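**Q** Pasting in a structure now, in structure tokens, and then I'll have a few things to ask.
The values are calculated or read from the model by the stated rules, or taken from the named source; none is laboratory data. Quantities reported herein were computed from a predicted structural model and do not represent experimental measurements. Glycine gets a Cβ as well: all are built from the backbone with ideal geometry, and neighbour counts include every protein chain shown. Accessible surface areas use protein heavy atoms only, side chains included; no ligands, DNA or RNA. Shrake-Rupley method; radii C 1.70, N 1.55, O 1.52, S 1.80 Å.
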Amino acid sequence: MKRLILWAPLAVFAGFLMVVAFGLKRPPDPAIHSKLVGKPMPAFELKPAVAEHPGLSSEDLKQGAPRLVNVFASWCVPCIAEAPVLMELKRRGVPIDGIAIRDRGEDVAAFLARNRDPYAHIGTDPNSQVQLALGSSGVPETFVVDGKGVIRLQHIGAINPNELGDIIAALEAAK
Amino acid sequence: MRPWRHSIAVLLLVSTATLAQSSLPPARYANTQLEDPRQEAEAKALMETLRCLVCQGQSIADSDADLAGDMRSLVRQRIKAGERPEAIRAWLIERYGEWVSYSPPLEPLTWPLWAAPVVLLLAGLWLARGRFRLKRR
């Protein structure tokens with residue numbers, strides 16, 4: 001018994017090493033996934049970000065057909081990379097609404113003039129309050145919302161051209 | 001391009017994204033205390049136990065990120081409106097998961113965390129027991 005106990009600290013240390021090795025080997029996932037996927041969109045109402053588009057409210061997302069809600073900002077660099085992909089989705093007839101985070105109207109207008117404009121509605125969220133209500137933690141993020149206003153998918157980060165199929169599939173599934 | 005160069009390029013892209021900050025001024029209560037000191041104390045205590053979503057590892061009380069400021073404003077506004085701190089924590093956990101809270105609840109997944117100090121203390125006492133007996137002799 002005594003002999004066995006002498007080995008106990010070493011065993012504990014080995015166990016500790018194993019936990020550390022496991023933690024080091026597993027790639028970190030810094031993305032924070034919203035727990036609202038599968039749940040209804042929280043109620044919100046946002047003022048228009050630019051004069052050319054109406055604002056966005058949660059009621060606009062219950063139109064019977066699935067829509068994309070794109071959380072973006074004019075100061076966000078990956079949003080520029082994402083713009084052509086959103087234009088392609090628009091070309092395929094997908095309705096896309098935008099939520100501009102911490103942005104000024106003139107900056108959003110300049111961003112849309114430079115990178116083209118895929119949006120139907122654009123609401124302005126100057127203090128990220130709707131972003132927080134959505135469980136979103138950065139820009140860009142895209143939510144697939146079905147015709148009843150239920151969130152079906154959250155895509156974190158810019159949609160790459162090779163991820164276009166996933167978004168289309170999620171939209172089809174939400175029909 | 002070699003794979004490691006590729007990953008460096010990706011890292012640079014990601015870091016510029018997280019460094020990007022908006023040019024809008026901070027939200028109403030991001031850096032302004034509440035008028036009522038009792039409410040401010042409640043808000044401060046809650047903010048110190050909520051995790052920043054951008055600089056993960058800092059509390060929103062410590063972080064300079066825009067989103068942390070907006071979260072502080074959300075906390076203070078809701079406390080001001082009379083909401084209980086634990087209700088605000090629950091509201092955030094509903095959206096971001098337990099991850100967002102630095103104050104882990106007692107549940108099957110976290111009980112080792114709570115039990116560990118007690119277990120270690122008992123193990124220490126048990127180990128020390130022999131020593132005390134030796135001295136008395």
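**Q** Can you name the condition, by its number, that residue B:67 falls short on among (1) open to solvent by 30 Å² or more (accessible area, probe 1.4 Å); (2) within 17 Å of residue A:129 (Cα to Cα)?
**A** In the conditions (1) open to solvent by 30 Å² or more (accessible area, probe 1.4 Å); (2) within 17 Å of residue A:129 (Cα to Cα), residue B:67 misses (1) alone.
**Q** Let me ask something else. So how many residues does the stretch A:78-92 have that are surrounded by fewer than 18 Cβ atoms within 10 Å (Cβ to Cβ) and over 16 Å from residue A:121 (Cβ atoms)?
**A** Initially, the stretch A:78-92 is screened for residues surrounded by fewer than 18 Cβ atoms within 10 Å (Cβ to Cβ), giving A:80, A:84, A:87-88, A:90-92.
Okay, now just the ones that are also over 16 Å from residue A:121 (Cβ atoms), so A:80, A:84, A:87-88, A:91-92.
So the answer is 6.
**Q** Moving to a separate point now. Starting from the stretch B:111-132, keep only residues that are modelled with pLDDT under 90, then list their pairs with residues that are not in a helix (DSSP H, G or I) whose Cβ atoms are within a distance under 7 Å, requiring at least 6 positions of separation or different chains.
**A** What qualifies is B:113/B:104; B:114/B:106.
**Q** Just checking, does the stretch B:44-59 include any residue being more than 20 Å from residue A:35 (Cβ to Cβ), surrounded by 14 or more Cβ atoms within 10 Å (Cβ to Cβ) and among the β-branched types (Val, Ile, Thr)? First the steps, then the outcome.
**A** Kept after step one, since they are more than 20 Å from residue A:35 (Cβ to Cβ), are these residues of the stretch B:44-59: B:44-45, B:47-48, B:55, B:57-59.
The next check asks that each one be surrounded by 14 or more Cβ atoms within 10 Å (Cβ to Cβ); those that pass are B:44, B:47, B:55, B:58-59.
Cutting the leftovers down to among the β-branched types (Val, Ile, Thr) gives us none.
Within the stretch B:44-59 (the criterion being more than 20 Å from residue A:35 (Cβ to Cβ), surrounded by 14 or more Cβ atoms within 10 Å (Cβ to Cβ) and among the β-branched types (Val, Ile, Thr)), the answer is no, since none of the residues qualifies.
**Q** Scan the stretch A:13-68 residue by residue and report those that are open to solvent by less than 30 Å² (accessible area, probe 1.4 Å), assigned to a helix (DSSP H, G or I) and not small (Gly, Ala, Ser).
**A** Selection gives A:61 alone.
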